[in-house]
Amino acid sequence: MTFVFEPPPPASVAIAGSDARFPVRRIFCVGRNYAEHIREMGNDPNEQPLFFTKPADAVVENGAAIPYPPNTADWHHEVELVIAIGKGGASIEETAALDHIWGYGVGVDLTLRDRQAEAKKGGKPWDVAKAADNGAPISALTPVQVCGHLSDARIWLSVNGETRQDANLNQMIWRTPAIIASLSRNWALKPGDLIFTGSPAGVGPIQRGDAITCGVEGLNELRFSVLPA
Ligand code: MN
């Protein structure tokens, strides 16, 4: 096959304890999946969670320093469990959903909160707020064979050593099987898909020069920083 220019290498994520890498196909995200976070954002906790996406090349490697985006003055952290899909499927039943998981990681759904507020107010899409460059820092992934399936584990994030988010995966409204079942009724899932599963409460702004550390009990931590001005 001839391309008109050289195709870029696939976006990929490190794997804990391995030189192999996980090739990223798509990034799906769940919004409004923890009641306390829904309340802090002023939304109705009785509504169902929602989906949005980020481009695959929004992934940021553990340890990276990333630039503050030009189009915001309110860039927020949202720490989330990330599911890595290893086996594809459409309309997957909840009872079979865990079989499709390759592994887990911890990620941060970086959000331009000012742009999101404008989008919500105007009934417009969230892409500018959610799908920006460098918007998906993610830890090295841990295979399910090593970490097991995670449903009751601490999830936390700190900025410059100060804890900002501290919750438990057992507070998710849609648990992992429900997310995979619902998502796969909208898209046929493929190996390489990543799913950000929603943020607990405590989201807030990060600034130039900040150092962010976050984790999910049982997984490798994620650290990244924002470049100084
Ligand atoms: Mn989120």
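Here is the figure for segment 65-86: residues that are of a type in the set (Val, Ile, Thr), within 16 Å of the ligand (Cβ to nearest atom) and closer than 22 Å to SER182 by Cα total 3. Given the condition out of contact with any Gly (no Cβ under 6 Å at 6 or more places or on another chain), among the β-branched types (Val, Ile, Thr) and at negative phi, answer yes or no: does some residue in segment 130-141 qualify? Checked segment 130-141: no residue is out of contact with any Gly (no Cβ under 6 Å at 6 or more places or on another chain), among the β-branched types (Val, Ile, Thr) and at negative phi.
Looking at GLN145, is it more than 12 Å from the ligand (Cβ to nearest atom) and without any contact (Cβ under 8 Å) to a residue 40 or more places away in the chain? Here the answer is yes, as GLN145 does meet what is asked.
When we screen ASN62, ASN46 for residues that are polar (S, T, N, Q), more than 21 Å from ASN168 (Cβ to Cβ), more than 15 Å from the ligand (Cβ to nearest atom) and surrounded by fewer than 17 Cβ atoms within 10 Å (Cβ to Cβ), the only hit is ASN46. Against the conditions (1) within 16 Å of the ligand (Cβ to nearest atom); (2) more than 27 Å from THR213 (Cβ to Cβ), GLY89 satisfies every one except (1).
Here is a list: LYS130, LYS87, LYS54, LYS121. Which entry is surrounded by fewer than 13 Cβ atoms within 10 Å (Cβ to Cβ) and charged (D, E, K, R)? Steps first, please.
Working: LYS130 fails: surrounded by fewer than 13 Cβ atoms within 10 Å (Cβ to Cβ); LYS87 fails: surrounded by fewer than 13 Cβ atoms within 10 Å (Cβ to Cβ); LYS54 fails: surrounded by fewer than 13 Cβ atoms within 10 Å (Cβ to Cβ).
Of the residues listed, the single one that is surrounded by fewer than 13 Cβ atoms within 10 Å (Cβ to Cβ) and charged (D, E, K, R) is LYS121.
Being at pLDDT below 95, assigned to a loop (DSSP other than H, G, I, E, B) and not acidic (Asp, Glu) is not true of ALA132.
Screening segment 92-118 for residues that are within 13 Å of the ligand (Cβ to nearest atom) and not small (Gly, Ala, Ser) and picking the one that is surrounded by the fewest Cβ atoms within 10 Å (Cβ to Cβ) gives ARG113.
Residues are listed down the side, and each one gets a yes or a no for (1) in contact with a Gly (Cβ under 9 Å, 6 or more places away or on another chain); (2) within 16 Å of the ligand (Cβ to nearest atom); (3) under 20 Å from VAL59 (Cβ atoms); (4) of a type outside the set (S, T, N, Q):
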{"position": "ASN160", "(1), (2), (3), (4)": "yes, no, no, no"}
{"position": "ASN168", "(1), (2), (3), (4)": "no, no, no, no"}
{"position": "ALA181", "(1), (2), (3), (4)": "no, no, no, yes"}
{"position": "ASN186", "(1), (2), (3), (4)": "no, no, no, no"}
{"position": "LEU189", "(1), (2), (3), (4)": "yes, no, yes, yes"}
{"position": "PRO200", "(1), (2), (3), (4)": "no, yes, no, yes"}
{"position": "PRO205", "(1), (2), (3), (4)": "no, yes, no, yes"}
{"position": "ARG208", "(1), (2), (3), (4)": "no, no, no, yes"}
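The values are calculated or read from the model by the stated rules, or taken from the named source; none is laboratory data. Remember, it's a predicted structure, so these values are computed and weren't measured experimentally. FYI the Cβ positions are ideal-geometry reconstructions off the backbone, even for glycines, and counts take in every protein chain you see.
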